[in-house]
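Peer 1: Sharing a structure here in structure tokens format.
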Amino acid sequence: MIAGDIGGTHARLAVCEVIHSAPRIIHKKVYPSRISSSLEEILLDYVREIGPEQVSAIALGLPCPLVEQRCRATNLPWIVSAETISRALNATPCVLINDLEALAWSIPLLDQQSLLTLHPGSGQALGNAMVIAAGTGLGQAGLFWDGTDYRPFATEGGHCDFAPGNELDIELLRHLKRVHDHVSWERIISGPGLITLFKFHCEHQKRGQPAWFVQALAEDRAASAISEHAEHDADPLCVATLEHFIRLFGAEAGNQALKIKATGGVYIGGGIAPKLIEWMRGPQFRDSFVDKGRMQPLLEQIPIHLISSDDSALLGAARCYLEREF
């Protein structure tokens, strides 16, 4: 079967085989998402490469809210439907799920090599769990603990209203309201959001945008350039931006943990966090995560893990197809 993790920047596809009822990846390929006019175009190219005999079913995680196996991708110019994909691939069974739900399905499959513990928590990690992932957008999903097993479910929590926590955040909100009618957490905790945050700090400190940043913007690598300058202390604005980003990331992860009561654990995925491991390990994320007034003792008990494997959502999409009834 083909499993897919379709993001706003990359579309990851893999051939999975089933070993002892669990999926295992035997081949994978990464496509740039934005250069293709449709998801069907990418899938057809992949099938030509691997051969049609490998395609018994298709399970795809997509960055959008799904209604009746159909969606308009949030950060891509695509309308995707399981029926259209199935028809394009000779009536192959196709299932679509939210990309963060796919990530949630992978959690029981991940080994210790795929997880980095940022905070061990205390006591037994029982109860609901959650995943949060920053990349092209900000995805969130939950895992309901039914007393025996976890049952993943999708959310669109990344599009909830941004809530400022101090005077600097209030200025940031005013800055963003000049551009957006609705300011969501995704506007800040994402790759594009990191760029927005840097522009805000330039304005806040009354500095023009540096030449390296303007060039990086033109070359579509501004987010990574900000991170690199921060890691090497090459620009105080970049350090301030990363510190602000990590603090807000922790704050929203804590918000989600309270809403889901994720005492079973917090799992952080996406393309950004694994590139900022030392920042994520620092005090800003955890301190902001637990800074919830009377609920701080509850949040201090919750373990926080960073998912380091690129294959997790692929495995989760495949596992969902194998175990869930549609």
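Peer 1: Can you tell me how many residues in segment 22-38 are open to solvent by 10 Å² or more (accessible area, probe 1.4 Å), touching a helix residue (DSSP H, G or I) at 6+ places or on another chain (Cβ under 9 Å) and assigned to a loop (DSSP other than H, G, I, E, B)?
Peer 2: 2
Peer 1: Tally time: how many residues in segment 177-193 are surrounded by fewer than 19 Cβ atoms within 10 Å (Cβ to Cβ) and in a loop (DSSP other than H, G, I, E, B)?
Peer 2: Counting residues in segment 177-193 that are surrounded by fewer than 19 Cβ atoms within 10 Å (Cβ to Cβ) and in a loop (DSSP other than H, G, I, E, B) gives 5.
Peer 1: If you don't mind, another one. Of a type in the set (A, V, I, L, M), buried (at least 22 other Cβ atoms within 10 Å of the Cβ) and in a helix (DSSP H, G or I): does that describe ALA262?
Peer 2: On the way: of a type in the set (A, V, I, L, M): yes; buried (at least 22 other Cβ atoms within 10 Å of the Cβ): yes; in a helix (DSSP H, G or I): no.
Here the answer is no, as ALA262 does not meet what is asked.
Peer 1: Name the single residue, out of those in segment 135-154 being aliphatic (A, V, I, L, M) and touching a Phe, Trp or Tyr at 6+ places or on another chain (Cβ under 9 Å), that is farthest from ARG187 (Cα to Cα). Write out each step before concluding.
Peer 2: Of the residues in segment 135-154, the ones aliphatic (A, V, I, L, M) are 138, 141, 143, 154.
Checking which are touching a Phe, Trp or Tyr at 6+ places or on another chain (Cβ under 9 Å) leaves us with 138, 141, 143.
On the way: LEU138: 8, ALA141: 18, LEU143: 25 Å.
Within segment 135-154, the match that is farthest from ARG187 (Cα to Cα) is LEU143.
Peer 1: Here's a follow-up. I want to confirm something. Restricting to segment 68-91 and keeping residues that are in a helix (DSSP H, G or I) and of a type in the set (A, V, I, L, M, F, W, C), which single residue is surrounded by the fewest Cβ atoms within 10 Å (Cβ to Cβ)?
Peer 2: Out of the qualifying residues, it is ALA88.
Peer 1: Could we say that LYS206 is closer than 18 Å to GLU167 by Cα, open to solvent by 30 Å² or more (accessible area, probe 1.4 Å), without any contact (Cβ under 8 Å) to a residue 24 or more places away in the chain and assigned to a helix (DSSP H, G or I) here? Quick ask: steps written out before the conclusion?
Peer 2: Values: closer than 18 Å to GLU167 by Cα: yes; open to solvent by 30 Å² or more (accessible area, probe 1.4 Å): yes; without any contact (Cβ under 8 Å) to a residue 24 or more places away in the chain: yes; assigned to a helix (DSSP H, G or I): no.
So LYS206 does not fit the description; no.
Peer 1: If the requirement is being within 20 Å of the chain's Cα centre (by Cα), aromatic (Phe, Trp, Tyr) and assigned to a helix (DSSP H, G or I), which of these qualifies: PHE245, PHE213?
Peer 2: Numbers: PHE213 fails: within 20 Å of the chain's Cα centre (by Cα).
Exactly one residue qualifies, and that residue is PHE245.
Peer 1: Just give me the residues in segment 113-139 being open to solvent by 40 Å² or more (accessible area, probe 1.4 Å) and touching a Gly at 6+ places or on another chain (Cβ under 8 Å), in sequence order.
Peer 2: Once the filter is applied, which keeps residues that are open to solvent by 40 Å² or more (accessible area, probe 1.4 Å) and touching a Gly at 6+ places or on another chain (Cβ under 8 Å), segment 113-139 yields ALA125, LEU126.
Peer 1: Take PRO65 and tell me if it is of a type outside the set (D, E, K, R), outside any strand (DSSP E or B) and within 25 Å of THR148 (Cα to Cα). Reasoning before the result, please.
Peer 2: Details: of a type outside the set (D, E, K, R): yes; outside any strand (DSSP E or B): yes; within 25 Å of THR148 (Cα to Cα): no.
Spelling it out, it is not the case that PRO65 is of a type outside the set (D, E, K, R), outside any strand (DSSP E or B) and within 25 Å of THR148 (Cα to Cα).
Peer 1: Let me ask you something else. Would segment 13-21 turn up any residue that is closer than 28 Å to LEU138 by Cα, open to solvent by 70 Å² or more (accessible area, probe 1.4 Å) and within 22 Å of the chain's Cα centre (by Cα)? Walk me through how you get there before you give the answer.
Peer 2: Residues of segment 13-21 that are closer than 28 Å to LEU138 by Cα, as a first pass: 13-16.
Restricting the remaining residues to those that are open to solvent by 70 Å² or more (accessible area, probe 1.4 Å) gives none.
Within segment 13-21, none of the residues are closer than 28 Å to LEU138 by Cα, open to solvent by 70 Å² or more (accessible area, probe 1.4 Å) and within 22 Å of the chain's Cα centre (by Cα).
Peer 1: Can you name the residue in segment 140-176 that is among the charged types (D, E, K, R) and over 19 Å from CYS202 (Cβ atoms) and is also most open to solvent (accessible area, probe 1.4 Å) among such residues? Walk me through how you get there before you give the answer.
Peer 2: Kept after step one, since they are among the charged types (D, E, K, R), are these residues of segment 140-176: 146, 149, 151, 156, 161, 167, 169, 171, 174.
If we keep only those that are over 19 Å from CYS202 (Cβ atoms) as well, we get 146, 149, 151, 156, 161.
On the way: ASP146: 61, ASP149: 70, ARG151: 141, GLU156: 71, ASP161: 102 Å².
Among those that are among the charged types (D, E, K, R) and over 19 Å from CYS202 (Cβ atoms), it is ARG151.
Peer 1: For residues that are out of contact with any strand residue (DSSP E or B) (no Cβ under 8 Å at 6 or more places or on another chain) and not aliphatic (A, V, I, L, M), scanning just segment 39-56, find the one that is surrounded by the fewest Cβ atoms within 10 Å (Cβ to Cβ).
Peer 2: GLU53
Peer 1: Could you grab me the full set of residues in segment 313-326 that are out of contact with any Pro (no Cβ under 7 Å at 6 or more places or on another chain) and either at positive phi or surrounded by fewer than 20 Cβ atoms within 10 Å (Cβ to Cβ) (or both)? If you could, list the steps in order and put the result at the bottom.
Peer 2: As a first pass, look at segment 313-326 and keep what is out of contact with any Pro (no Cβ under 7 Å at 6 or more places or on another chain): 313-314, 316-317, 320-321, 323-326.
If the condition is that a residue be out of contact with any Pro (no Cβ under 7 Å at 6 or more places or on another chain) and either at positive phi or surrounded by fewer than 20 Cβ atoms within 10 Å (Cβ to Cβ) (or both), then GLU323, ARG324, GLU325, PHE326 are the ones that fit.
Peer 1: Could you check how many residues of segment 216-229 are over 14 Å from ILE272 (Cα atoms) and either within 23 Å of the chain's Cα centre (by Cα) or outside any loop (DSSP other than H, G, I, E, B) (or both)? Working first, answer last.
Peer 2: Here is the first cut: in segment 216-229, the ones over 14 Å from ILE272 (Cα atoms) are 216-220, 229.
Then keep just the ones that are either within 23 Å of the chain's Cα centre (by Cα) or outside any loop (DSSP other than H, G, I, E, B) (or both); that gives 216-218, 220, 229.
Residues that pass the stated criteria total 5.
Peer 1: Which residues, counting only those in segment 191-216, are in contact with a Cys (Cβ under 8 Å, 6 or more places away or on another chain) and closer than 14 Å to LEU168 by Cα?
Peer 2: Listed by number, the list holds a single entry, PHE198.
The values are calculated or read from the model by the stated rules, or taken from the named source; none is laboratory data. Being a predicted model, the structure only gives us computed values, none of them experimental. All Cβ positions, even for glycine, are placed from backbone atoms using ideal geometry, and neighbour counts span all protein chains on display. Heavy atoms of the whole protein, side chains included, go into the accessibility calculation; ligands, DNA and RNA do not. Shrake-Rupley method; radii C 1.70, N 1.55, O 1.52, S 1.80 Å.
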